[in-house]
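The values are calculated or read from the model by the stated rules, or taken from the named source; none is laboratory data. Quick caveat: nothing in here was measured; it's all calculated off a predicted structure. Cβ atoms come from the backbone with ideal geometry, glycine included; neighbour counts cover every protein chain shown. Please note that ligands, DNA and RNA were not included when accessible areas were found on the heavy atoms of the full protein model with its side chains. Shrake-Rupley method; radii C 1.70, N 1.55, O 1.52, S 1.80 Å.
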Amino acid sequence: MKFRAKIVDTACLNHFTRVSSMIAKLAKTCTLRISPDKLNFVLSDKVANGGVSMWCELEQENFFSEFQMEGVSAENNEIYLELTSENLSRALKTAQNARTLKIKLTNKHFPCLTVSIELQLSVSSSSRVVTHDIPVKVIPRKLWKDLQEPTIPDADVSIYLPVLKTMKSVVEKMKNISNHLIIEANLNGELNLKIETELVCVTTHFKDLGNPPLASENASQDRNSEQMAEVHIDIRKLLQFLAGQQVNPTKATCNIVKDKIVHFDLLHEDVSLQYFIPALS
């Protein structure tokens, strides 16, 4: 098993740092899946236990000038590493204005992702190298099956999301009243966020958001466009997802499977993020 990669482009480096920062906000620990053409950050808390799951994907060629890996074997040419997300994010934050960033799988009495950052010294043309050793756990082949790309269920309603910053400030206020939130949407571009307690009912309406064309066609064959599909979720899990979004994505879609799950599908330039929050039982 071998892995080494290098970033020399400042824009790529900053983008990669933003991605790692987002992952750190979404998951305390995660799995880094390394394959010849992709990197994935995976979180797979069992949905049956009420846990969220996440699948973040980036094409390595969009970030790395050099990328070499050898997986577990020729037929299973992948590496799965469990790591503390914050450790990676903290290491990459020291890489601002760096000349180069190198990441390598090493063994220093225990497996590590060694991050080497070459920093330009402003006074002279010389540089210094800062190294971070991030402990990782190599995940054995027999456990890979639990860490595959989630199957996307057929949604009752798919809808484009409003500006996430606006959505976050609404949900933050609602959290002070209730831990449970109802998210509902229809094929008429309408999305509602609702909380209901014995004393109060609060609803925020978003209109004219639009629905993805293909999803609307599939769902609308037997669905009234005004009819709402709703799901009850833990408001804290939604807030954690929204807090992780520092930059408004290029595209953001919400797919609701009535009373079962809400699936968020985001595209940040060339990084895709899927995030699943199960319904409260």
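So here's what we get for this one:
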item: Filtered trypsin sites (Lys or Arg not before Pro), region 137-241: DSSP coil and at most 15 other beta carbons within 10 Å; result: K207, R223
item: Signed unit charges on C-beta, dipole axis of the chain, positive-most listed residue V271, Q227, T106; result: T106
item: Most mobile listed residue (E230, E190, E269) in the chain, GNM with C-alpha springs under 10 Å; result: E269
item: Size of charge dipole - region 1-160 - debye, nearest 20, with Cβ of Lys, Arg +1 and Asp, Glu -1, no other charges; result: 760
item: Pairwise centroid distance, computed over Cα atoms, of region 137-195 with region 47-113, Å; result: 25
item: Distance between modelled label sites at T151 and N97, nm, 7 Å Cα→Cβ extension; result: 5.1
item: Cα gyration tensor shape for region 75-125, rounded if a/c is under 1.5, else prolate or oblate; result: prolate
item: Global form of region 30-175, assessed from the alpha-carbon gyration tensor, a/c cut-off 1.5; result: oblate
item: Dipole of the chain [Lys/Arg +1, Asp/Glu -1 at C-beta], most positive-end residue of S126, H205, N76; result: S126
item: Surface share of carbon and sulfur [accessible, 1.4 angstrom probe, percent] for region 140-281; result: 48
item: Kyte-Doolittle at least -0.5, axis length at least 18 Å by Cα - qualifying DSSP helices, the chain; result: 10-26
item: Whichever lysines have a C-alpha closer than 16 Å to that of K251, once near sequence neighbours (fewer than 8 apart) are set aside; result: K165
item: Surface per residue (accessible, 1.4 Å probe) for the chain, Å²; result: 51
item: Set of region 166-190 residues, backbone N closer than 14 Å to the point 7 Å along the Cα-Cβ line of E226; result: 186-190
item: Cross-link pairs K25/K142; K194/K258; K25/K102; K28/K137 - those with Cα-Cα distance over 20 Å; result: K25/K142; K25/K102
